[in-house]
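Let me begin by presenting the structure, written as structure tokens, before commenting on it.
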Amino acid sequence: MIFFTTNHKNGFIFTFIKEKYNLKKLTMTKETILNKSSLTFLEKYLNNAAPTGYEWESQKIWMEYLKPYVDTFITDTYGSAVGVINPDAKYKVVIEGHADEISWYVNYISDNGLIYVIRNGGSDHQIAPSKIVNIHTKSGIVKGVFGWPAIHTRDKGKEEAPKPENIFIDTGCATKKEVEDLGIHVGCVITYPDEFHILNGDKFVCRALDNRMGGFMIAEVARLLKENKKELPFGLYITNSVQEEIGLRGAEMITQTIQPNVAIVTDVTHDTTTPMIDKKKEGLLEMGKGPVIAYAPAVQQKLRDLITETAEANKIPFQRSALSRATGTDTDAFAYSNGGVASALISLPLRYMHTTVEMVHRDDVENVIKMIYETLLNIKGGETFSYFE
Ligand SMILES: [Zn+2]
């Protein structure tokens with residue numbers, strides 16, 4: 001099928017990827033969507049920090065990769081970026097991911113030079129102690145560490161858990177003045193330096209896979225459309241929204257600018273097969289078993305049926321998840337805008353969300369790309385998805 005990049009055609013490239021990323025499970029005959037340049041882009045895109053509210057450098061990297069595959073770009077005041085195919089078409093379809101990653105803000109610097117933080121997005125206080133951090137200042141990155149009292153010095157009877165108010169960053173400074181002399185002030189954002197790894201050949205691990213994978217996957221859809229010379233009967237808006245992690249804000253803004261007819265959103269969801277997750281509460285979702293299709297009031301039923309039927313026809317595996325009330329993703333922002341936009345959510349199962357070792361399965365990544373790609377080929381221009389026709 002023309003859809004895939006076959007490795008025997010790209011033997012030398014494959015060997016390079018195999019060595020660089022230790023893809024031991026892939027054989028020379030396995031068909032894959034991701035190729036050398038997509039993985040190189042993914043690594044660069046992930047290794048660059050894009051804290052909520054500060055996404056523009058990351059958006060530049062994303063747009064540079066997407067450029068050959070789109071006709072034009074839209075960007076907005078807060079940094080959302082959209083690659084557009086067929087900008088003159090009246091009927092508009094969005095495929096979307098979010099650009100931002102969770103981070104911390106410098107909130108208070110004590111007289112003895114320790115930094116206390118508040119969240120920028122859902123950062124996890126439990127995983128902070130003993131992490132190295134990047135503090136973003138005007139003159140560049142300053143390194144610090146989340147310190148923690150030694151096991152020897154803690155009261156075994158009543159150990160304190162890490163909490164937002166007791167975790168602190170040590171930059172090696174003895175006074176507040178020394179901290180300030182490094183360019184650090186209240187309001188500087190703090191990210192983790194953790195970079196892209198591949199485990200056991202097919203598990204991608206990094207901080208911020210939520211949701212850098214979304215931007216990556218929709219960009220790959222655009223690449224496949226171009227490479228396979230597919231003409232769409234509508235305008236396609238490949239949308240990388242900012243500020244999802246603090247309440248879907250970028251999507252709320254950009255949906256008003258685009259005014260789409262359809263929005264297919266992709267984000268991550270929880271793999272629930274690792275310890276201490278209650279399947280009766282969270283449902284059963286497993287990485288490697290396929291993209292997750294959401295059932296929720298914000299999801300337009302006919303659009304979702306088109307996606308599941310497309311998946312079945314193309315033998316793309318998928319899982320289902322039920323969400324009461326909001327989906328907690330940009331799907332809600334698109335669905336409830338502009339008088340109602342037919343919206344659906346395709347999620348990538350992920351382990352350890354909002355930690356620095358988020359993990360996804362490469363097969364799921366490829367299947368989300370396939371699912372979105374094949375669904376787009378099944379959307380007719382002018383489709384209303386009306387329940388009443
Ligand atoms: Zn998130």
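The values are calculated or read from the model by the stated rules, or taken from the named source; none is laboratory data. Note that the coordinates shown come from a computational prediction; the quantities given were computed from them, not determined experimentally. Positions of Cβ are backbone-derived with ideal geometry, glycine not excepted, and every protein chain shown enters the neighbour counts. Accessible surface is based on the protein model in full, side chains and every heavy atom, while ligands, DNA and RNA are left aside. Shrake-Rupley method; radii C 1.70, N 1.55, O 1.52, S 1.80 Å.
Across region 160-317, the volume of the C-alpha convex hull divided among the residues equals 233 Å³ per residue. Of the trypsin sites (Lys or Arg not before Pro) in region 66-171, the ones in a loop by DSSP (not H, G, I, E or B) with at most 14 other beta carbons within 10 Å are Lys90, Lys138, Arg154. The residues of the chain present an accessible area of 45 Å² per residue when probed at 1.4 Å with all protein chains retained.
Rounded to the nearest 500, what is the chain's calculated 222 nm mean residue ellipticity when only DSSP H runs of at least 4 contribute -39500 (n - 2.57) each, over all residues? Write down the numbers at each step before the final one.
Numbers: 10 runs with 108 residues, N = 389.
Helices in the chain give a 222 nm mean residue ellipticity of -8500 deg cm²/dmol.
So, in nm, how far is label Ala313 from label Thr77 when the simple model puts each one 7 Å beyond its Cα toward the Cβ? The two pseudo-label positions are separated by 4.3 nm.
Of the Cα atoms belonging to the chain, the radius of gyration and Dmax stand at 21.7, 71 Å. Protein heavy-atom surface of region 191-306, 1.4 angstrom probe: 49% of the accessible area is carbon and sulfur, with nucleic acids and ligands not counted.
On full extension, the segment bounded by Asp305 and Glu195 gains 35.9 nm, given 0.36 nm per residue less the C-alpha separation. For region 73-169, the list of GluC sites (Glu not before Pro) that fall in a loop by DSSP and count at most 14 other C-beta atoms within 10 angstrom reads Glu159, Glu160, Glu165.
Positive-end ranking of Phe168, Gly382, Phe204 along the dipole of the chain, with charges on Cβ about the Cα centre, is headed by Phe204. The solvent-accessible area of Tyr295, taken with every protein chain present and a 1.4 Å probe, is close to 70 Å².
Across region 128-202, the relative contact order, built from alpha-carbon pairs under 8 Å that are at least six residues apart, equals 40 percent.
Cross-link partners for Lys90 among the aspartates and glutamates, with Cα-Cα distance under 18 Å and sequence neighbours closer than 8 places in the same chain left out: Asp71, Glu231, Glu383. The separation of region 288-359 from region 156-202, counted between C-alpha centres, amounts to 33 Å.
Of the accessible area of region 314-389, with the probe set at 1.4 angstrom, what percent is carbon plus sulfur? So the carbon and sulfur contribution to the accessible surface is 52 percent. Only Cα pairs under 8 Å and 6+ residues apart enter the sum, and on that basis the relative contact order of region 275-389 stands at 35 percent. Label reach from Thr137 (point 7 Å along Cα→C-beta): in region 173-210, amide nitrogens under 19 Å belong to 173-193.
Computed extension length for Glu286-Glu178: 34.1 nm, one decimal, from 0.36 nm per residue of separation with the Cα-Cα distance subtracted. Entry note, the chain: relative contact order of 20 percent, from Cα contacts under 8 Å with a spacing of 6+ residues.
Between Lys44 and Arg154, what length in nm is gained on full extension when 0.36 nm per residue of separation is reduced by their alpha carbon distance? Each step should come with its number before you reach the end.
Values: separation 110, 0.36 × 110 = 39.60 nm, distance 4.04 nm.
Using 0.36 nm per residue and subtracting the Cα-Cα distance, I get 35.6 nm.
The modelled label-to-label distance between Asn338 and Met276, using points 7 Å beyond Cα along the C-beta direction, is 4.3 nm. Only alpha carbons enter this Debye calculation for region 84-226, each as an equal point scatterer, and the log10 of I(q)/I(0) it gives at q = 0.15, 0.17 Å⁻¹ is -0.86, -0.99. The amide H of Val133, built 1.01 Å from its N in the peptide plane, has Gly144, Val145, Phe146 as neighbours under 5 Å, considering only residues 5 or more places off or on other chains. Summarising the overall dimensions of region 279-389 from its C-alpha atoms, the Rg and Dmax are 14.5, 48 angstrom. Label-to-label distance for His185 and Asn107 is 2.0 nm, based on points extended 7 Å past Cα in the beta-carbon direction.
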